[in-house]
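Q: Handing you this structure, nothing more for now.
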Amino acid sequence: MDTEHAHLPLRGVRVLELGNYIAGPTAARLLADLGAEVIKVERPGRGDELRNWRLYAGTVSMLFHTVNRNKKSIAVDLRTGEGRDIVLDLVRRCDVVIENFRPGTLEKWGLGPAELERANPDVVLARISAFGQTGPLADRPGFAAVAEAMGGMRNLVGEADRPPSRVGVSIGDSIAGLYAAFGVMVELYERAVVPSGRPLRERVVDVALHEAVFSMMESLVPDHLAYGVERRRVGGRMEGIAPSNAYECGDGASVVIAGNGDSIFRRYMLAIGRPDLADDPGLADNAGRWARRDELDEAIGEWTRGLDRDEVLKILDEAGVPAGPIYTAADICADEQYRARAMIQPLPVDPGTGEEVPIGFPGVVPVIGTESLPLRTPAPKLGEHTDEILHLLGRKDTGND
């Protein structure tokens, strides 16, 4: 891919990233992927703790590289007067500030909204925290695991007869990062198209982890308030929707089949050789199918266990029934659809061998045009761009690398 001449919609936007871990850096990464210049401020010596999370070899994890590609790093101690001055100098030259410290931390360092606004009245500020900047829990710390629990998600993940589980990624952090990036874009649009003149304190993009998760919970609360319903864990199913589940095939692989549409269901049952179920009036709508979900899953499972995964998927594809394999990382890497849209792109990274080699990373979503925008640079080394940024500010090296 031609990274130099790629159309990058956010080219010219400069973002200052303050914070650690996943949520704030994810928000900044989404903007960086679309062309924004992101300057990541890291503590001297140690840097973002994500550098060592899920570290299998070497000194920098692939998780850090994934969340922090396309960025620059400057090592600055925000707790010092010099660090504060450098950040305020940067704010004067930035369009956006993203932070995910515990509420009150920036204020304690003299970097709260009032100070940022004095430095740059037009700056956009996005703040990500466990429970938001206001309310009785605002001062309480929390990670995505707590947010997923309090946002209603954890209670619905897993089997009904077991304690709640969680998905295998920090989904609460990623959702919060997505909302923060969305909020930043809203504020940039307003600033460019319909300037409001409102003070910064009224324009802060305030993202709470648990609220971000809660916003994805569909009709969880309305169903409870309207009907007294308490949703429950149903394993691979989705409550109230049938048949939709994962099924084991004869070769030991599994597939997900979503045959819950009324017209789809009939084609589905004919495809698996069950015309009796296809023609059963009691199964003509979703409510009837949900009431007999165990019967349907048993019939479908009996059919899939008699065929290899590829045979199952071929038959269902020909019948127009939505189905797909349950992929591992290796499956994703080999998949032609991911390849066709440049959804795995190589970056030169040292995986712990002392030598940089091409490592594939997830591409840019959404696709704009025909394929994913190109990744430009791997995650920066700690303080890699300190001299460059200080030169931009007319300052000398702080020796904080």
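The values are calculated or read from the model by the stated rules, or taken from the named source; none is laboratory data. Remember, predicted model here, so these are calculated numbers, not experimental data. Cβ atoms come from the backbone with ideal geometry, glycine included; neighbour counts cover every protein chain shown. Accessible surface is based on the protein model in full, side chains and every heavy atom, while ligands, DNA and RNA are left aside. Shrake-Rupley method; radii C 1.70, N 1.55, O 1.52, S 1.80 Å.
Q: Quick one: compute the contact order of region 336-391, relative version, from alpha carbon pairs under 8 angstrom and 6+ residues apart, as a percent.
A: Taking the mean separation of contacting Cα pairs over the length of region 336-391, I get 29 percent.
Q: Over the C-alpha atoms of region 274-401, what are the Rg and the largest Cα-to-Cα span, Dmax, in Å?
A: Rg then Dmax for region 274-401, in Å: 25.6, 80.
Q: Turning to a different aspect of this structure: If the reach is capped at under 16 angstrom between alpha carbons, list the lysines near K72, excluding any in the same chain fewer than eight residues apart.
A: Filter leaves K40, K381.
Q: When the gyration tensor of region 56-98 is built from Cα positions, what are the square roots of 5 times its three eigenvalues, in whole Å, from largest to smallest? It would help to have the intermediate numbers written out before the result.
A: On the way: eigenvalues 141, 42, 9 Å².
Semi-axes (√(5λ), whole Å): 27, 15, 7.
Q: Counting only residues 5 or more places away or on other chains, whose amide H sits under 5 Å from the amide H of V38 once H atoms are built in the peptide plane?
A: Result for V38 returns V15, K72.
Q: Also: For region 270-328, what is the largest minus smallest coordinate of the Cα atoms on each principal axis, given in angstrom and ordered from greatest to least?
A: 35, 22, 19 Å, listed from the longest principal axis down.
Q: Further, regarding this structure: Hey, what number do you get for the chain at 222 nm if only DSSP H runs of n ≥ 4 count, each worth -39500 (n - 2.57), divided across all residues, to the nearest 500?
A: -10000 deg cm²/dmol, from helical runs alone.
Q: Something else about it: Once each part is reduced to its C-alpha centroid, what is the distance from region 274-336 to region 106-162 in angstrom?
A: 40 Å
Q: Within region 181-221, what whole-number % of the accessible surface is contributed by carbon and sulfur, with the 1.4 Å probe and all protein chains included in the calculation?
A: Summing carbon and sulfur atoms, their accessible area is 61 percent of the total for region 181-221.
Q: Here's something else I'd like to know. Lys and Arg at +1, Asp and Glu at -1: add these up for the other residues within a Cβ distance under 9 Å of Y21 and post the number. Working shown, then result.
A: Values: positive: none; negative: D48, E49, D173.
Its environment carries a net charge of -3.
Q: Taking K and R as +1 and D and E as -1, what net charge do the other residues with C-beta under 13 Å from the C-beta of A192 add up to? Present the calculation step by step, with values, prior to reporting the outcome.
A: Values: positive: R191; negative: D95, D122, E187, E190.
Here the count lands on -3.
Q: Name the residue farthest towards the positive end of the dipole of the chain from the options P9, A36, L270, assuming +1 on Cβ of Lys and Arg, -1 on Cβ of Asp and Glu, about the Cα centre.
A: It is A36, whose Cα lies furthest towards the positive end.
Q: Can you pull out the trypsin sites (Lys or Arg not before Pro) in region 203-272 whose DSSP state is coil and whose Cβ has at most 14 other Cβ atoms within 10 Å?
A: Counting only loop positions with at most 14 other Cβ atoms within 10 Å, the trypsin sites (Lys or Arg not before Pro) in region 203-272 are R232.
Q: Right, something else. Considering only A192, V207, G158, whose Cα is most displaced toward the positive end of the charge dipole of region 132-217, charges sitting on Cβ of Lys, Arg (+1) and Asp, Glu (-1)?
A: A192
Q: A follow-up question, please. Sorted by average packing, counted as other Cβ atoms within 10 angstrom per residue and highest first, what order do 166-178, 366-378, 56-68 take?
A: 166-178, 56-68, 366-378
Q: Roughly how compact is region 97-169, stated as its Cα Rg over 2.2 N^0.38 Å to two decimals?
A: That ratio works out to 1.49.
Q: Also, I was wondering about something else. I need the peptides 348-360, 89-101, 182-194 ranked by packing, meaning the mean over residues of other C-beta atoms within 10 angstrom, with the highest value on top.
A: Sorting 348-360, 89-101, 182-194 by mean packing, highest first, produces 89-101, 182-194, 348-360.
Q: Take the alpha-carbon positions of region 1-125, form their convex hull, and give its projected area averaged over all directions (one quarter of the hull surface) in nm².
A: Spelled out: convex hull of the Cα atoms, projected over all directions, averaged, 8.4 nm².
Q: For K396, give me every one of the aspartates and glutamates with a C-alpha distance below 19 angstrom, ignoring sequence neighbours fewer than eight places off in its own chain.
A: E42, D77, E82, D85, D89, E384, D387, E388
Q: Taking Cα centroids, how far is region 176-209 from region 59-98 in Å?
A: Between the Cα centres of region 176-209 and region 59-98 lies a distance of 20 Å.
Q: OK, next. With the other protein chains left in place, how much accessible area per residue, in square angstrom, belongs to the chain at a 1.4 angstrom probe?
A: Working: 19980 Å² over 401 residues.
The answer is 50 Å² per residue.
Q: Assuming 1.306 mPa s and 10 °C, estimate D for the chain with Stokes-Einstein, Rh taken as the Kirkwood radius over Cα pairs, in µm²/s.
A: Roughly 66 µm²/s, to the nearest whole number.
Q: Now for a separate question. Where the only charges are on Cβ atoms (+1 Lys, Arg; -1 Asp, Glu), what is the dipole of region 349-401 about its Cα centre, to the nearest 20 debye?
A: Taking the Cα centre of region 349-401 as origin, the dipole is about 240 debye.
Q: For helix 262-271, report the angle its Cα long axis makes with the longest principal axis of the Cα atoms of the chain; keep it between 0 and 90° and round to the nearest 10°.
A: 60 degrees
Q: Could you tell me which of A242, T134, P325 has its Cα farthest along the dipole of the chain towards the positive end, charges placed at Cβ (Lys, Arg +1; Asp, Glu -1), taken about the Cα centre?
A: T134
Q: Kindly rank 45-52, 219-226 from highest to lowest mean number of other beta carbons found within 10 Å of each residue.
A: With the highest mean Cβ count within 10 Å placed first, the list reads 45-52, 219-226.
Q: Give me the percent relative contact order of the chain, please, defined on Cα pairs under 8 angstrom at least 6 residues apart. Write down the numbers at each step before the final one.
A: On the way: 748 pairs, mean separation 73.9, N = 401.
Relative contact order here is 18 percent.
Q: To continue, here is another question. Once you charge only the Cβ atoms, +1 for Lys and Arg and -1 for Asp and Glu, what is the size of the charge dipole of the chain about its Cα centre, to the nearest 20 debye?
A: So the magnitude is around 1220 debye.
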